[in-house]
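Here, each number is a calculation from the coordinates, and none is a lab measurement. Small disclaimer: the values here were computed from a predicted structure and weren't measured. Cβ placement follows ideal geometry from the backbone for every residue including glycine, while neighbour counts extend to all protein chains displayed.
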Amino acid sequence: MSQEKENIPEITENPIADEIIRNSEAEASEQKPIEEDPLAKLEKEIAELKDNHLRQYADFENYKRRSMKERVEMIKSAGTDIISSLLPVLDDFDRALKAMNSDVDDSIVLESF
């Protein structure tokens, strides 16, 4: 076996071989990635657009539902706000009517206004 090792030339640094290896490695790293199939690329884009459209549609439906609910609540609360603000005034009128029905002279009531 020792004789077989003697027949194999020893590998030494070879500047030309090193440069060739470096150039081939640089070319391999600079190579553009393999492009996708155009049909697959379009199908992917269509899928993304459909997903985007469905999300936009769902957001709009949620917005419509939420705004309708808010509108109904506003109408309900606006009615209660108006009625609650009118209650003291109506109570005062009710007391005034009761006071007028008593034996108080009408001229005194008219002078107070």
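Overview of values
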| item | result |
| --- | --- |
| Point-to-point label distance, K76-E19, nm (Cα→Cβ direction, 7 Å offset) | 8.6 |
| Inter-label distance, nm, simple model (7 Å from Cα along the C-beta direction), S67/K50 | 2.9 |
